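Below: one structure in structure tokens.
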Amino acid sequence: MLRTERKYVEILRILKEHQDPVGAKRLSELMAERGFILSDRAVQYYLSYLDTMGFTEKVGNLGRILTPQGITETDNALVDDRIGFIISKLERLAYRSTFDPSTSTGDVAYNLSMVRKEMFEPAKAAFDDIVRSDCGFFNSYRIIEQDPRIPQGYIGFITICSISMDGVFQRKGIPVKMAFGGRLEIEDGKPLGFRDLIGYRGTTIDPLELFIASGLTSIGSYTRSKSGIALANVREVPCSARDSVEEIIQLMNTCGFVFPVTMGNQVFNLPSNPNRLSIVAFSGLNYIGNTVEKGIEIKTEIGAGNISFSKIMETN
């Protein structure tokens, strides 16, 4: 029953995304955001079944959390159904982004990373390398210590997620498609082409996270010598929107955003498309990749939520 009922799987996924217990009312709201309209009572019915199966457990009046068995089930359930899950999550964050580059106000999407306190200084140095090398999506980051999601003994880093760009385009009426994540080869500061590309709509995880975990980057080399392999995304917009896109990019650059690497109908070793404009931008995950390359353990939630742009700009 569980493996043929998407509502059960979606509830498990939501619980996995939250460290704290989630109540039926909040679950109902989050399910609605994913296209599943369920009353609080209906959610309670599903939760009761999941409790019986041993996948969830109730924490007082606070709500449910996943059991270890539930975590395993969530990881294994309906792999084919999870294809495209990461892009769906990012598109929700783009929709909720309200950033206006003309006023530098509104919300942006962000990634949340955490390192142990004893590794804070070397991790910060790795982040600063990215800022100096202009190979992050945004030229700054935010350090946080007081947050319920950050365990005791850890310090957090907030970086702006590049999906914020999509939110800006959408609010200006420009349709945008996050097409690929890839490894971009750079030599003496000149981007040469993509070593590998993965389509966002055909994967269950973020492609750039996969490249980092597989040790397929040399971001540190790029920060030192301007030669290496860094992470970049490819977006597509209609060619007819080029003037508006260039105007938006100029405004965002003024606010501290670092993109594009390049753009055009035919860029690097991507196929030519006379109707679509490809925008190549460095990813904010270069901060994370550079840290991992230095052997520093770092935990990252990609697309952790939306936050006011002014919070990112506050002095640490």
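The values are calculated or read from the model by the stated rules, or taken from the named source; none is laboratory data. All values reported here derive from a predicted model rather than from experimental measurement. Here the Cβ is made from the backbone with ideal geometry for all residues, glycine too, and neighbour counts use every protein chain on show. Just the protein is used for accessible areas: all its heavy atoms, side chains included, with ligands, DNA and RNA removed. Shrake-Rupley method; radii C 1.70, N 1.55, O 1.52, S 1.80 Å.
List every residue pair whose Cβ atoms sit under 7 Å apart, with the two residues 6 or more apart in sequence or on different chains, where the first one lies in the stretch 275-288 and is within 30 Å of residue 120 (Cα to Cα) and modelled with pLDDT of 95 or more and the second, anywhere, is open to solvent by 10 Å² or more (accessible area, probe 1.4 Å) and of a type in the set (Val, Ile, Thr).
281/261; 282/258; 282/261; 285/212; 288/212; 288/298; 288/300
Then there is this: Tell me the helices (runs of 4 or more DSSP H) entirely within the stretch 151-242 that contain at least 3 residues that are open to solvent by 20 Å² or more (accessible area, probe 1.4 Å).
Helices (runs of 4 or more DSSP H) meeting the threshold: 207-213, 219-225.
Continuing with the same structure: Output the residues belonging to the stretch 281-297 that are in a loop (DSSP other than H, G, I, E, B) and surrounded by fewer than 24 Cβ atoms within 10 Å (Cβ to Cβ).
The answer is 294, 295, 296, 297.
Of the conditions (1) open to solvent by 20 Å² or more (accessible area, probe 1.4 Å); (2) assigned to a strand (DSSP E or B); (3) more than 27 Å from residue 154 (Cα to Cα), residue 300 satisfies every one except a single condition; which number is it?
(3)
Quickly run through the stretch 105-135 and pick out the residues that are under 30 Å from residue 30 (Cβ atoms) and not in a strand (DSSP E or B).
Once the filter is applied, which keeps residues that are under 30 Å from residue 30 (Cβ atoms) and not in a strand (DSSP E or B), the stretch 105-135 yields only 106.
With (1) among the aliphatic types (A, V, I, L, M); (2) open to solvent by less than 20 Å² (accessible area, probe 1.4 Å); (3) not in a helix (DSSP H, G or I) as the list, and residue 252 as the residue in question, which single condition is left unmet?
Tallying (1) among the aliphatic types (A, V, I, L, M); (2) open to solvent by less than 20 Å² (accessible area, probe 1.4 Å); (3) not in a helix (DSSP H, G or I), residue 252 fails exactly one: (3).
Right, here's the next one. Of all helices (runs of 4 or more DSSP H) completely enclosed by the stretch 1-63, which ones contain at least 2 residues that are more than 24 Å from residue 88 (Cβ to Cβ) and not basic (Lys, Arg)?
Where helices (runs of 4 or more DSSP H) fall fully within the stretch 1-63 and carry at least 2 residues being more than 24 Å from residue 88 (Cβ to Cβ) and not basic (Lys, Arg), they are 40-53.
If you don't mind, there's one more thing I want to ask. So which residues in the stretch 74-127 are at pLDDT 95 or above, open to solvent by 40 Å² or more (accessible area, probe 1.4 Å) and within 24 Å of residue 151 (Cα to Cα), if there are any at all?
116, 117, 118, 119, 121, 122, 124, 125, listed by residue number.
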